[in-house]
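Read the structure below first, then the notes.
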Amino acid sequence: MLKQVEGSRAVAEAVAMCRPQVICAYPITPQTHIVEALSAMVKDETLNAEFLNVESEFAAMSVAIGASAAGARAYTATASQGLLYMSEAVWNAAGLGLPIVMTVANRAIGAPINIWNDHSDAMSQRDAGWLQLYAETNQEALDLHVQAFRIAEELSVPVMVCMDGFLLTHASERVDVPAQTQVDAFLPRYEPRQVLDPAEPVSIGAMVGPEAFTEVRYLAYQRMRQALDVIGATAAGFAGQFGRPSGGLVRPYRTGDAEIVVAALGSVLGTVKDTVDELRADGHKIGVLGINTYRPFPADAVREALGGARHVVVLERALAPGSGGIVTADIRAALDPQARRISTVIAGLGGRAVTRKSLRGLLAQAGELPPLTFLDLDTGLVDRELARMRAARRSGPSPENMLRDLGITASRIG
Amino acid sequence: MPYQRIKFYQTGSLAVGNRLLAEDQRSVQSTAGRSNALTCGHRACQGCGEALGARYALDAVHRATQGQMIAVNATGCLEVFSTPFPETSWQIAWLHSLFGNAPAVASGVAAALKAMGRTDIRVVGQGGDGGTVDIGMACLSGMFERNDDVLYICYDNQAYMNTGVQRSGATPPAARTATTQAVGREPGNRFGQGKNVPLIAMAHEIGYVATATVADLRDLEYKATRAMDFHGARYLHILVPCPLGWGSAPADTIKVARLATESGLFPVFEAETGAVTSSTPIRHRVPVTDYLRIQARYAHLFRPRERTEVIARIQAAADRNIARFGLMPADISAERTGLPAPVPVTSPAGLGLEGR
Amino acid sequence: MFQVRFHGRGGQGVVTAAELLASAAFSEGRHAQAFPSFGSERMGAPVMSFCRIDDQPIRTHEPVTEPDALIIQDPTLLHQAELFAGLGRDGYMLVNSARGFGELGLGEFVRDFRRDRLLVVPASSLALTHLGRPLPGAALLGGFAALTWAVSLDSVLAAINDKFSGPVADGNAEAARAAFGFVRDEREALVREALSDA
């Protein structure tokens, strides 16, 4: 049924239809509307589940671990600082092989504290052993949750569904919300591979030393490779059953004869596609590659989708301060370094808008891109702070100095 | 081993391992049919109080629940020595997640069982003092606050033993640990405020809180069993001496635990909904020095010189416990024990000792 | 694509107004996107929200920098120059005020635009009258419908009745109708004036 709703609401409705049995959550902007909606559904008994208001994100993931190990379908959601706070448990869940599904409403990590969108939170957990699926639209965010439970349970691996905080969670868009019967037909009951059962007791979570740790980790690696196939098959099955493409590994757009391809994750892809359409109209041979699955990294699919493009521009909403681009590294590893030029563009950090205008300006001169550039960087602001730091040892906290420099920001639009 | 009932024709004696008692009065451990939830072959040290306490407690819970139980364990000695890869000594369904989250994971298991309509299966969360008092405190408090249906058991050996005897929030004043060494002006652990988790549990007004030690098997079994009569959050705090960390003889574990209770340093009591309902009286009171002397972690209080002022402070703490929890029947006079009479102290509100 | 930018202060229902507009467009079978400017929520602070309406799916997620229409819910914001950023010469603007542009100090400013597309409507007082509270959003949408015909009044009313119920829905709907009439009349007067000048 078509609805005009906030992204968070769409996700809550999708999750509810997946019949989770235990939902546990700790509030953090911008995930709050998702868990509020789910708690209301549990409270008024529209959704038959246990809802635990936990005392921290660490507790949230821990409750999910206990619930999943006991054989229940478990769900939680978080962002940014919360994801970091539960980080130990995030890795634990993957190591234990528990098919928990978690929404990450992507938000920047502080300091400085910032409630707006970027991908640094999910990126910080990219090696935790979870699958990471990125939604381009609210429709896809909704759809990916339905797929996520099925993928997670088939593989016994936890899955993170990433959706841009505010840009998707707080945006009202038109979505097609499936019927309960459709979801039930697509998502079978949870049949655990391992479960705490007094009738057949097992010990889960033993220490493993040098004699077997490598093999345990190798199995995890193998499961990730298997996930590439499972994700593809699930997306295909979803398309067949629900009648629309959603998820999968990558989504190319006008890459057929492209000389330049812009690769990106998440909602920025929409803006990029609009920009690319304008550039195409001006004769540029440019295309877009949406990376829908980031972990496991679909190296083969990426390489294939890039086709003969000589130049890949990776638009990143996160930064590895010690090295530069994060997704760039994965893309570089997938490609033949001789054949392609790769440029990293860091954009949209901490919620700065990525505009068609700026993208157009950048991509129209793609040939002049250095290996790493920051979109819309205010060099004057940076230089003035550097000057302050050179002038005195006790120059004060840099972020505060720079904010003061900017003056009133409340009325900024872009 | 199959359960066998043994008939003895001698009566009126407790001599033969209490098998002469009526069945319902026998300890769980005395029955051949006990579950051995934690069975032999684990790698605990000789004389480990925690291995003993865990077996006592969990076998009692196993009987009380007819085996319908799941245990969630924090990282620590118990988890490590019970599951040396590729073996496990657990004969019950058992989950280990992390160090600081056992109460939350247990809450999750309980929620799942409820969601699946299996509230016949009961949940025990357990961990050492480190995982409970320090790093697990937030999760523990959350579990209490939500009144999740979990019995949480803390095996308190008063330091982070598994990682090499470092000080925890449960380490008593003056005790030597690897991070509160017996050197300097104030050797051993500093005198702080302590963190009385049974009282914290009582402050949450949960249904049942109790303390116990491995010195009194029947009392411990009774409390573990009683706890399973309740639903909702429950807390059991068990003192489990660690010969290695405490520097006591492995054969002295039960003796050390008994001295802890008889000196008044470890009060043994039960509480419901925030008020003490019973306390175990001290039968033969001893000065704290009897307890301190047999543990090398307190050796610096006696050699090279006796630190009388520190010992006096420890004694005062024991005296306060005795008064506060009513551990001495009123008619025991100072002459008999050779100790000053306990100073009456106004009981803090909520201990429920008014009128005792 | 038709792009609208709303300006107001936290607590005035700026976000709700954008969502109602999206809902109205949705009820006409069109694609719509509404989102706030994502500041820390704080009563009284300047906030913006955006709404895009199109017959094709809307892909972009950038803020509206070139609005086709501006809706100003709080005239105390009018002193900020950035308020009008991106509004083209053929753009629409609806200001919640009982005073005219001259009185608001925008007499010069409006001369650069099409006179019949920049209007005021006393939405707060209409809301106070019909709803009992000075929440101008619904009224402004009624006025917006009359000004731009980007959505119909019926769609606006449908959106109001979908979101609210009982006396709140009725009050908002009445205010929207009243504002619609007010703006329609104001516009007709301006058009006649322009024709008579020509």
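Since every read-out is calculated from the coordinates, none of them should be taken as a lab result. Computed from a prediction, not measured in an experiment: that's the story for all the values here. Don't worry about glycine lacking a Cβ; one is built from the backbone with ideal geometry, like all the others, and counts go over all protein chains shown.
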inquiry  = Apply the a/c threshold of 1.5 to the C-alpha gyration tensor of the range A:2-242 and tell me whether it is rounded, prolate or oblate.
reply    = rounded
ask   = In debye to the nearest 20, how big a dipole does the protein assembly as shown give about its Cα centre with +1 on each Lys and Arg Cβ and -1 on each Asp and Glu Cβ?
value = 2540
request  = Return P(r) of chain B (all Cα-Cα pairs; 10 Å bins starting at 0; whole %; ordered from short to long distances).
outcome  = 5, 24, 34, 25, 10, 2, 0
remark   = By the mean-Cβ-within-10 Å protection proxy, highest first, B:206-217, C:131-142 rank as C:131-142, B:206-217
request  = Within the range C:47-89, list the trypsin sites (Lys or Arg not before Pro) lying in a DSSP loop whose Cβ has at most 14 other Cβ atoms in a 10 Å radius.
outcome  = C:89
task = Note down the net charge around residue B:219, summing +1 for each Lys or Arg and -1 for each Asp or Glu among other residues with Cβ under 13 Å from its Cβ.
result = +2
ask   = Among the lysines, which have Cα under 28 Å from the Cα of residue B:195 when same-chain residues fewer than 8 positions away are ignored?
value = B:223, B:255
query = So how long is each side of the protein assembly as shown along the principal axes, counting just the alpha-carbon atoms, biggest first, in Å?
reply = 123, 66, 64
remark   = Per its Cα gyration tensor (rounded if a/c is under 1.5, else prolate when a/b beats b/c, else oblate), the range C:2-197 is best filed as rounded
Local electrostatic count, residue A:372, Cβ distance below 14 Å [Lys/Arg +1, Asp/Glu -1] = 0
ask   = Which whole number gives the average count of other chain Cβ atoms within 10 Å of the Cβ atoms across peptide A:191-202?
value = 5
query = Looking at chain A, which longest stretch skips every one of the GluC sites (Glu not before Pro) that is in a DSSP loop with at most 16 other Cβ atoms within 10 Å, leaving the sites themselves out?
reply = A:46-210
task = Go through A:114, A:157, A:172 and say which Cα lies farthest out towards the positive end of the charge dipole of the range A:99-176; charges sit on Cβ, +1 for Lys and Arg, -1 for Asp and Glu.
result = A:114
ask   = Among A:51, C:83, A:311, whose Cα lies farthest out toward the positive end of the dipole of the protein assembly as shown, if unit charges sit on the beta carbon of Lys, Arg (+1) and Asp, Glu (-1)?
value = A:51
ask   = Under a Cβ-Cβ cut-off of 13 Å, what is the net charge of the residues other than residue A:310 that fall near it, where Lys and Arg count +1 and Asp and Glu count -1?
value = 0
query = Under unit Cβ charges (Lys, Arg +1; Asp, Glu -1), what dipole magnitude, rounded to 20 debye, does chain C have relative to its Cα centre?
reply = 220
Cα-based shape type of the range A:42-162, given that a ≥ b ≥ c are square roots of the gyration tensor eigenvalues and the cut on a/c is 1.5 = rounded
